[in-house]
Structure formats: structure tokens, C-alpha cells
Amino acid sequence: MEQDLPWRRDPASFASAWSLCTARLLPWTKQCDNDHKRSVYFVSWTVKSKHGILQGVFVKKPPVNRERLSVLGKYLDDALTLANMSQSDLARRAGLHSSSYLSRVMKGERDVDRKTLLHWCNILQCPEWLEERLLNAAGYASERQRKAVEAEEILEETHTIVLAEVEKRQEP
């Protein structure tokens, strides 16, 4: 499992902590995905400061025609962009044989179950707010929403309102 990095939750803290640093970028490198249909460009980077050394990779994912995507697909595309991943990368990390299923989900041609979508969110390290939007777009409730409707006070309030509505409908 990938490490939960603080700057994924709060990019401002990353910027302030690493404001006085030196960076080194290597040239963009072209790499073909497994089916050799698309090329992905990536660059390795290193940042040194008084706080230590960070290393990573920036990925230029292939352009996606967002007009062809469903609402869920647009949110997934945003999550992929945030994670610097391509559809092929996510498919590979999720254990899919190809990115075809993922692509069809993004176009609205296939459904995805809640467990799979949460697995993808975990791989992409989606912030809570984006995970909630992805789940909602697929027709599922987020954990926060599920807990809210299961709260005892909400259940009791709903029961009271229903009983009042029943009484109101029985009046002549």
C-alpha cells in the first residue's frame, strides 16, 4: 500500500516546507504501455532542501476527450490527473488485464461496483471529497453519508416525521 503523503491532503504545507530548495528534472522520456497503442511521457525529479530529499515522477498522461466521458468518467479522469497516472497505470495496479474495462466505465458503457470503485480510490489516493463525488456519481453513498443516515437521532427524527405525516393524511 502506498504511503499517505501529507501534501496530498494539504498542498500548501508541502509548498511552505519545501520553499527553499533546489530541484533537478531529467529530460522527458517516452514509454509505450503494454499494448503499445499509446505512449506515456514521464520525467523523474529530485528535490533537495534542509528538510531532506524527495524524489518522484511526473507523468504526462495521454489526452482524454472529456466530452465522451460520463460524469463518473470525468471524476475518474480528475483523480487520475491528481495521482499523475494514466488509465493503463490504474488498470495495472488494480490487477486488470487491460484498461478496456476502466475506459468503458469512464464512458458510461459499463457499471462498476462500490467495492471496486473504493479500491481504485485507494490506489489513486483520492482525497475524501473526491472519493465522495466518485461514489455519488456511480450511485453509491460515501462512508460519511452512510453513517449520517444510520445515526440513531436521524432514524428517530424520520420515524417521528412519518408518524406526523400519517396522522395528517388521516384527517378529513
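FYI, it's all coordinate maths here, none of it is from the lab. Here the structure is a predicted model, which is why all the values come from computation and not from measurement. Cβ coordinates were reconstructed from backbone atoms using ideal geometry, including for glycine residues, and neighbour counts include every protein chain displayed.
Residue pairs whose Cβ atoms lie under 8 Å apart, separated by 6 or more positions or on different chains, with the first residue in segment 149-172 and surrounded by 10 or more Cβ atoms within 10 Å (Cβ to Cβ) and the second of a type outside the set (Val, Ile, Thr), are Val149/Ala141; Ile154/Ala148. Among the residues of segment 84-142, those that are under 15 Å from the mean Cα position of the chain (by Cα), outside any helix (DSSP H, G or I) and among the polar types (S, T, N, Q) comprise Asn84, Ser86, Gln125, Ser142.
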